[in-house]
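In what follows, a structure is listed as structure tokens, so that the remarks can point back to it.
The values are calculated or read from the model by the stated rules, or taken from the named source; none is laboratory data. Just so you know, these numbers come straight off a predicted model, no measurement behind them. All Cβ positions, glycine included, derive from the backbone under ideal geometry; neighbour counts span all protein chains shown.
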Amino acid sequence: MVPTDLRYTKDHEWVRVDGDEAVVGITDYATNQLGDIVFVELPDVGRTLSQAGTFGVVESVKAVSDLFSPVSGEVTSGNDALAAAPELVNSDPYGDGWMIRLKLANPTEVDELLDAAAYDALIAEG
Amino acid sequence: MPYGPHAPDDRERMLTALGIASVDELFADIPQELRASGLDLPEPEPELELSARLLALAARNRTDLASFLGAGVYRHWTPPAVDQLLLRGEWYTAYTPYQPEISQGTLQSIYEYESLVAELIDLDVVSASHYDGAAATAEAALMACRATRRERVLVSRAIHPHYRGTLRTYFGGGLRLDEIPVVADGPDAGTTDLAALERLLADGEPVAGVIAGQPNFYGLLEPMAEIGRLAHAAGALFVSVVEPVSLAVLAPPGSYGADIAAGEGQPLGIAPQYGGPYLGLLASTDALVRQIPGRLVGMTTDLDGKRAYVMTLRAREQDIRRDKAASNICTNQALLALAASIYIATIGPHGLRDVAALGAARAAELETALARAGAPRLHPGPYLNEFAIRVPNARAVHRRLLDRGVLAGLALADAEPDEPALADALLVCATEVTTTEEIERFAAALEDVLAGRPPIGVEAGAGADRRDGAPGVPSGAAR
């Protein structure tokens, strides 16, 4: 079972609402599919993201994939620790492996995302 | 590992396995109107006749000329080891099998090339090579756009016009390319106009990268550190376009803050050839390693702890990232990169310094001789081994000098037809293979032409013979 306090996208990003901000990362399932992550490219602070728009790139030993923002908003910080330790995404995807914080432009977008049960069902399908 | 073409029965077996009757069926998805049709090729000829015809065509090349032509491609002495080693069949493909790691020899040759060029350019990362200097320069400009997420690049008008043409082609898809003018007169004439650069950086869309050459197209030395400082102050990257032999005596891009360096690798042991193939050098700082297109080879150890070479950071590449790859025009020039590696390794660091220094000395000798003959330099600033001279009716003089066995460089009006200041100028160069005798021949011929003296009859006759006929080849009689 994936964490129940998060919302999810079909592209395997998660979002945690924290006041008027949101924290975004990728799911444990995604990291297992990608394999060892060797590089994460994150957006500059201040960049405005649209919902489902790309915000960065995650590179593993076998693939490079775009990252899609679950919600729209302005980037308030990025996880700088990932530059030196991208493996944090593998080891702690919902914690130290977070990627960006956003100032929510439209909080109701969160409600459109998958809840834990729906995301569990999605990954069960494979 | 050996490579061979497919025999007809190989093809049959493959077609049977695919369940199709002909190779054409594989192309059924391509609409008829998009297919190449009716290639206008002559009928096959017997080998001897064809060879005679080609020899006759080749005999029209003038190999008797004293050449002072550079303009991006330079004559140098190449140790015979370079061409001899290139003859080995193992090198005749740039392609590695999947897994590439099975081709350790090919990977090592690329690794050595990257290491040698990195040392010469003084930057961290070197790609496995690109088509030519122009393509490498265009890739450098695209790298700057990706890295800064900006869409405008400034290129000095003192960059080779062909390179600027290639940049325009690459930028046709919506990116913006603006040209930085060249200083018209005074001590800095012919170099990039720094005041104009500052204005271009301050006005309009934010700039991703600034491109300048060292030496520039006119052979002049640019204030590279200053150009780099202005670029960085505006948040742009600095791209340096270099001639590799010059780096043995000039400050390398890494020492003056260039983020990316590009250049033509031909002077490193590759003969001047009409239309190539040539060698595109591309290097960058470590910070841009994920933006550099093409192959990168790294050194590691295998499970047994033995030294091994691997393709590294492949995930940026087109076979994995497809349309989002760093570039989809990155077939490398492995054979020519190998030639450059063997050249650098055999000439050595001291030898390369001698090549560059001797070229500069020959050029100084040439400058003195031509000035005495009546053609002073066009620009006052420092140069290395190439410079422009002022010659009235430059195109006509160039033609008359050809009749006297001298290839007097490039008429700049042919390269930059819209620049009135260059209408009466020739771009000439000297390298370590230029001889004093050739320089004297050029100066004497130039003096004659400028004085309006007709060429000596015998010389003109000999020249005409060489162009029209094919001495030593009985092609006329045979056909």
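Couple of notes before you dig in:
- Taken over the range A:31-70, the criterion of being within 19 Å of A:N90 (Cβ to Cβ), out of contact with any strand residue (DSSP E or B) (no Cβ under 8 Å at 6 or more places or on another chain), in contact (Cβ under 8 Å) with a residue 12 or more places away in the chain and more than 13 Å from chain B (Cβ to nearest Cβ) is satisfied by A:Q33 alone.
- Condition check for B:A184: touching a helix residue (DSSP H, G or I) at 6+ places or on another chain (Cβ under 7 Å), in the same structural domain as B:A251 (by TED's automatic domain parsing) and buried (at least 24 other Cβ atoms within 10 Å of the Cβ): no
- Taking the criterion of being free of Cβ contacts under 8 Å to residues at least 24 places away in the same chain, more than 21 Å from B:L65 (Cα to Cα) and of a type in the set (D, E, K, R), the only residue of the range B:368-406 that qualifies is B:R377.
- Residue match in the range B:262-270 (condition: closer than 30 Å to B:W77 by Cα, touching a strand residue (DSSP E or B) at 6+ places or on another chain (Cβ under 9 Å), among the acidic types (D, E) and more than 14 Å from chain A (Cβ to nearest Cβ)): yes
- Which listed residue, of B:V117, B:V153, is under 26 Å from B:V207 (Cβ atoms) and either in the same structural domain as B:L247 (by TED's automatic domain parsing) or β-branched (V, I, T) (or both): B:V153
- Here B:V155 clears all of (1) under 24 Å from B:L422 (Cβ atoms); (2) of a type outside the set (D, E, K, R); (3) in a helix (DSSP H, G or I) except the condition numbered (3).
- Counted residues, the range A:71-92 - those being farther than 23 Å from B:L313 by Cβ and away from chain B (no Cβ under 14 Å): 7
- The residues listed here are B:A287, B:A308, B:A325; of these, the one that is in contact with an Asp or Glu (Cβ under 6 Å, 6 or more places away or on another chain), within 14 Å of another protein chain (Cβ to nearest Cβ) and within 22 Å of A:V61 (Cα to Cα) is B:A325.
- Here the range B:276-296 is the region considered, the condition is being within 10 Å of the chain's Cα centre (by Cα) and part of a loop (DSSP other than H, G, I, E, B), and the residue that is surrounded by the fewest Cβ atoms within 10 Å (Cβ to Cβ) is B:P277.
- Subset tally (residues that are under 20 Å from the mean Cα position of the chain (by Cα) and at pLDDT 85 or above) for the range B:80-107: 3
- Within the range B:93-145, considering residues that are part of a loop (DSSP other than H, G, I, E, B) and acidic (D, E), the one farthest from B:Y74 (Cα to Cα): B:D124
- Unique residue being exposed (fewer than 13 other Cβ atoms within 10 Å of the Cβ) and either over 20 Å from A:R7 (Cα atoms) or basic (K, R) (or both) when the list is A:A84, A:A121, A:A117: A:A84
- Enumeration of residues in the range B:368-399 that are aromatic (F, W, Y) and in a loop (DSSP other than H, G, I, E, B): none
- Meets criteria (at pLDDT below 95 and surrounded by 14 or more Cβ atoms within 10 Å (Cβ to Cβ)) for B:L69: no
- When residues in the range B:328-343 are screened for being in a helix (DSSP H, G or I) and either touching a Gly at 6+ places or on another chain (Cβ under 8 Å) or within 14 Å of another protein chain (Cβ to nearest Cβ) (or both), 6 of them pass.
- One residue stands out among those in the range B:407-428 that are touching a His at 6+ places or on another chain (Cβ under 9 Å), touching a residue at least 40 places away in the same chain (Cβ under 8 Å) and among the aliphatic types (A, V, I, L, M): the one that is nearest to B:R62 (Cα to Cα), which is B:L407.
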